[in-house]
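J.: Got a structure for you, written out below as structure tokens; questions coming shortly.
The values are calculated or read from the model by the stated rules, or taken from the named source; none is laboratory data. Note that the structure is a prediction, hence the values are computed from the model and not measured. Every residue, glycine as well, gets a Cβ built from its backbone with ideal geometry; the counts of neighbours run over all protein chains shown.
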Amino acid sequence: MILIGIVGLALVFDFLNGVHGSSNIVGTMISSRAFSPRMALFITALAEFTGPFLFGAAVAHTIGSEIVQANVITLDILLASLVGSILWNIITWSNGIPSSSSHSLVGGLIGAAWVGAGIRSLLLPGLLKMVAALFAAPFIGFGISFLVTRLVYALASNSTPRINEFFKHGQLFTSLVLAASHGANDAQKTMGVIVLAMVISGSLPVFSVPLWVIFVSAAGMALGTLLAGWQLIRTVGTKFYKIRPVHSFSAQLASALVLLGSSMFGWPVSATHIVSSAIVGSGSAERFGKIRWGVAGEMVTSWIITIPASAIFSAGVYWLLTNFLH
């Protein structure tokens, strides 16, 4: 029953991950007037569903085998980590804060494992790899987006305003690649948790991702995208600055490159961080004063507190689970 509960909660986390992450992709498409809201959601959901089938399971292996020791982690610890992560996601979702589901999952695993099995249950090399990827990827996204936007401006310097039509139509390609890479990276986090639970329970002898796990994880993200939170879309799409097609095109292209590279190397990164940073990088390439830096600062603050906040939530859930529910 606990294993079934973990699979169900992992899919709830997957759904919320789709809501949080896809709002960044959809927000730029809608605010730049490249697509209608309904079409943007449909395109993104379809691409996110196909992503996990295309790019392997390297991220799932990182989540499931390089953060905590499977031989000392219990199903109760996994259950508590998911509940704590989901609670934080719901709080940020309801307040329109585009925080990172990836950070909340990492924080949840750290908090519950630390309280439930001790600090030695955490695998330091894997944690350092993940934290380094999570914090480095937004800066890489900012830099690539900045350079891509400058390059685009240089190439289109003598163009007429009709060039905006190219950037609008070009987003069909960049948004598909970005959404597929987002699905590939983020759905694998859910896969890693589900397979880790199956290994702990003895349902699987070794860490290997079954096809049905890939399918349900991809479907959960796609459903979260179709029902994406409009408040988050407005935050990403309008609060930094007025996004035009050139910004959306450049930010999506840069974000897709970072997410695809991370998925191939097995780095679990945050699509929320990468896309948001790429949007800021694209606007900064035009003019630094264009950015509402106060909004960007508030978002960075939410990123920083997500891991400790979800760790505390998960540790508290584990304490309640072991002292009262059992």
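J.: Would you point out the residue of segment 139-173, among those that are more than 23 Å from the chain's Cα centre (by Cα) and hydroxyl-bearing (Ser, Thr, Tyr), that is surrounded by the most Cβ atoms within 10 Å (Cβ to Cβ)?
T.: THR149
J.: Filter segment 107-144 down to residues that are in contact (Cβ under 8 Å) with a residue 60 or more places away in the chain and among the small types (Gly, Ala, Ser), then give me how many there are.
T.: 10
J.: Something else now. Scan segment 85-103 and give yes if some residue there is more than 19 Å from the chain's Cα centre (by Cα) and at pLDDT 85 or above, otherwise no. So that I can check it myself, show each step before the final result.
T.: Of all residues in segment 85-103, those more than 19 Å from the chain's Cα centre (by Cα) come to none.
Checking segment 85-103: not a single residue is more than 19 Å from the chain's Cα centre (by Cα) and at pLDDT 85 or above.
J.: Of all residues being closer than 19 Å to SER270 by Cα and not hydroxyl-bearing (Ser, Thr, Tyr) in segment 39-53, which is nearest to the chain's Cα centre (by Cα)? Just the residue, please.
T.: This residue is GLU48.
J.: Right, here's the next one. Kindly provide the set of residues from segment 254-281 that are among the hydrophobic types (A, V, I, L, M, F, W, C) and within 12 Å of the chain's Cα centre (by Cα), ordered by number.
T.: Answer for segment 254-281, where residues must be among the hydrophobic types (A, V, I, L, M, F, W, C) and within 12 Å of the chain's Cα centre (by Cα): LEU259, TRP267, VAL269, ALA271, ILE274, VAL275.
J.: OK, next. I'd like the full set of residues that are within 16 Å of VAL300 (Cα to Cα) and surrounded by 15 or more Cβ atoms within 10 Å (Cβ to Cβ), limited to segment 100-132.
T.: Answer for segment 100-132, where residues must be within 16 Å of VAL300 (Cα to Cα) and surrounded by 15 or more Cβ atoms within 10 Å (Cβ to Cβ): SER100, SER101, SER102, HIS103, SER104.
J.: Is it the case that some residue within segment 171-189 is over 19 Å from ILE2 (Cβ atoms) and free of Cβ contacts under 8 Å to residues at least 60 places away in the same chain? Can you show your working first?
T.: Start the filter on segment 171-189 by keeping residues that are over 19 Å from ILE2 (Cβ atoms), which leaves 171-189.
Those left that are additionally free of Cβ contacts under 8 Å to residues at least 60 places away in the same chain: 173.
Taking every residue of segment 171-189 in turn, at least one turns out to be over 19 Å from ILE2 (Cβ atoms) and free of Cβ contacts under 8 Å to residues at least 60 places away in the same chain.
J.: Scan segment 35-51 and tell me whether some residue there is of a type outside the set (D, E, K, R), in contact (Cβ under 8 Å) with a residue 40 or more places away in the chain and not in a helix (DSSP H, G or I).
T.: Yes.
J.: Then there is this: Go through (1) part of a helix (DSSP H, G or I); (2) modelled with pLDDT under 80; (3) of a type in the set (Ser, Thr, Tyr) one by one and return the number of the condition SER217 breaks.
T.: (2) is the only condition that SER217 fails.
J.: Can you tell which of LEU253, LEU259, LEU320 is free of Cβ contacts under 8 Å to residues at least 24 places away in the same chain and touching a helix residue (DSSP H, G or I) at 6+ places or on another chain (Cβ under 9 Å)? Give the derivation first.
T.: On the way: LEU253 fails: free of Cβ contacts under 8 Å to residues at least 24 places away in the same chain; LEU259 fails: free of Cβ contacts under 8 Å to residues at least 24 places away in the same chain.
None of the others qualify; the one that does is LEU320.
J.: State whether one or more residues within segment 282-301 are at pLDDT 85 or above, of a type in the set (S, T, N, Q) and either assigned to a helix (DSSP H, G or I) or touching a Leu at 6+ places or on another chain (Cβ under 9 Å) (or both).
T.: Looking for residues that are at pLDDT 85 or above, of a type in the set (S, T, N, Q) and either assigned to a helix (DSSP H, G or I) or touching a Leu at 6+ places or on another chain (Cβ under 9 Å) (or both), one finds at least one in segment 282-301, hence yes.
J.: Kindly indicate whether LEU176 is over 25 Å from the mean Cα position of the chain (by Cα) and closer than 30 Å to LEU16 by Cα.
T.: Values: over 25 Å from the mean Cα position of the chain (by Cα): no; closer than 30 Å to LEU16 by Cα: yes.
The answer is no for LEU176.
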